[in-house]
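Have a look at the structure below before the remarks.
The values are calculated or read from the model by the stated rules, or taken from the named source; none is laboratory data. Because the structure is predicted, anything quoted here is derived from the model rather than measured. Here Cβ is always computed from backbone atoms with ideal geometry, including for glycine, and neighbour counts include all displayed protein chains. Protein only, heavy atoms only, side chains kept; ligands, DNA and RNA dropped before computing areas. Shrake-Rupley method; radii C 1.70, N 1.55, O 1.52, S 1.80 Å.
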Amino acid sequence: MRLGRSAERILTTHVGSLPRPKDLLDLMKAKLAGAALDDEAYERRVRGAVAEAVTRQAETGIDIVTDGEQSKPGFFTYVTERLDGFEPCPDKPRTSFGLERAAFPEYYEQYFKQAMTGGAIAPVVPLLCTGPVSYRGQAALERDIDNLKAAAAGVAHQAVFMPAVAPSGVGANAYYRTQEEFLHAVGAALRVEYRAIVDAGFLLQIDDPFLTDLFGDPAYDDAQRRREASLYVEALNVALAGIPPETVRYHTCYGINEGPRIHEAPLADVADYMLAVNAGAYSFEAANPRHEHEYHLWETVKLPDGKALIPGVITHASNIVEHPEWIAERLVRYAERVGRDNVIAGADCGFSSQATYHTEVHPTVVWAKFEALRDGARLATRQLWR
């Protein structure tokens, strides 16, 4: 399957995660707590939730659909059941978003207790690599692929994608001699997942908010950031070796959903590393007030030939439903700078990156945003192809 670009119109997609049904969350929470469950009943409910998510995406106008990550407790925490070589490290302090936390300590103390990982049905525990990394998630991956294939077979769509985490998002190293060796080992293990997704006929989406986080981390100086970012990209590209770029989407974002977000790195700092990833399309935040102006970057940065942009034109950080005319205006801005055939309408980030009962954007609002995305893409198409 190719990127799903159309020569006739702007297509729509999103980033991946969607709210899970309450009854599935109940089952998932019990499973994560070690409760005895009817495995067949659990798998049936996951399969049903995937079918419901894919059907609803198609009904609300999404052209390039996915499973909504219905089977996963989180967009990166799912790897705890798929990789060997890691141990949970609950006592390890979480240092992410340090500048933001320092600037707004009262706000983020409250926010992280109830949102993002703080609202997840399972605690997000840091992982520490203590042995050789290898992949053992074949059965779970096969179920995910089968569920998505079955769901997509019943709806009209242009393409299907499945997300997978980048090597840079899997824990810390306490086993390999160097960070480079560690990242390449994780990449080699995740390559099993990457390859299987593409072999199934899906587009592979690499989820990597960790690259942008690096450029806002005060623990690094500029030289260290550049060196670490180059390692991230190198390890990912090695893991993607032999996979056609036109079957790969790369998504990066900023980690925090609703917040002041004044210490996030500008896209200009990240763009060269993003474009160095061997992907056919690049997804990034462009709909929120901290980054919407960055469409101007593409007046000076040349998009490589054959590549596409998937700018976020609806945001995951607000329950306001964007007006279709404003969505169309955002899309036209990008089309005027990189070409109408090189733009796909997307979202800033996922709407339920962690499985939670209380998503920051209400489930009913998510579908309304998708309908607005559809209508905005149609308006942009009329302007760009008239």
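Scanning the stretch 336-349 for residues that are among the hydrophobic types (A, V, I, L, M, F, W, C), over 19 Å from THR60 (Cα atoms) and open to solvent by 10 Å² or more (accessible area, probe 1.4 Å) gives a single hit, VAL338. Within the stretch 255-273, being open to solvent by 30 Å² or more (accessible area, probe 1.4 Å) and either more than 19 Å from SER230 (Cβ to Cβ) or part of a loop (DSSP other than H, G, I, E, B) (or both) holds for GLU258, PRO260, ILE262, HIS263, GLU264, PRO266. A single member of ALA281, ALA223, ALA235, ALA317 is out of contact with any helix residue (DSSP H, G or I) (no Cβ under 8 Å at 6 or more places or on another chain), among the small types (Gly, Ala, Ser) and farther than 29 Å from GLU371 by Cβ, and it is ALA223.
Residue-wise test of (1) without any contact (Cβ under 8 Å) to a residue 12 or more places away in the chain; (2) open to solvent by 20 Å² or more (accessible area, probe 1.4 Å); (3) within 23 Å of PHE76 (Cβ to Cβ).
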{"site": "ILE314", "(1), (2), (3)": "no, no, yes"}
{"site": "PRO324", "(1), (2), (3)": "no, yes, no"}
{"site": "PHE351", "(1), (2), (3)": "no, no, yes"}
{"site": "THR359", "(1), (2), (3)": "no, yes, yes"}
{"site": "PHE370", "(1), (2), (3)": "no, no, no"}
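Residue check: is VAL125 in contact with a Leu (Cβ under 8 Å, 6 or more places away or on another chain) and touching a residue at least 12 places away in the same chain (Cβ under 8 Å)? Judged against the criteria, VAL125 is not a match.
For ARG386, which of the numbered conditions (1) closer than 28 Å to PHE75 by Cβ; (2) part of a loop (DSSP other than H, G, I, E, B) fails to hold? All conditions pass for ARG386, except number (1). Taking the stretch 68-168 as the region of interest, none of the helices (runs of 4 or more DSSP H) fully inside it holds 3 or more residues being at pLDDT below 95, crowded, with 22+ Cβ neighbours inside 10 Å and in contact with a strand residue (DSSP E or B) (Cβ under 7 Å, 6 or more places away or on another chain). Applying the condition of being small (Gly, Ala, Ser) and closer than 21 Å to ALA265 by Cα to the stretch 293-331 and asking which residue is modelled with the highest pLDDT yields GLY312.
Do we have ASN278 as closer than 21 Å to GLY169 by Cα, assigned to a loop (DSSP other than H, G, I, E, B), at pLDDT 95 or above and of a type outside the set (D, E, K, R) here? Answer is yes for this residue.
Restricting the stretch 41-67 to residues that are of a type in the set (Val, Ile, Thr) and part of a loop (DSSP other than H, G, I, E, B) leaves a set whose member that is farthest from CYS349 (Cα to Cα) is THR60. Would you say ALA196 is closer than 30 Å to GLU100 by Cα and without any contact (Cβ under 8 Å) to a residue 60 or more places away in the chain? Against the criterion (closer than 30 Å to GLU100 by Cα and without any contact (Cβ under 8 Å) to a residue 60 or more places away in the chain), ALA196 does not qualify. Annotation: PRO244 fulfils all but one of (1) buried (at least 16 other Cβ atoms within 10 Å of the Cβ); (2) of a type outside the set (Asp, Glu); (3) free of Cβ contacts under 8 Å to residues at least 60 places away in the same chain; (4) under 27 Å from ALA139 (Cα atoms); the unmet one is (1). Residues of the stretch 171-202 that are assigned to a loop (DSSP other than H, G, I, E, B) and either among the acidic types (Asp, Glu) or over 28 Å from GLN57 (Cβ atoms) (or both): GLY171, ALA174, TYR175, TYR176, ARG177, THR178. Looking at ALA281, ALA276, ALA239, ALA308, just one residue is open to solvent by 40 Å² or more (accessible area, probe 1.4 Å) and small (Gly, Ala, Ser), and that residue is ALA276.
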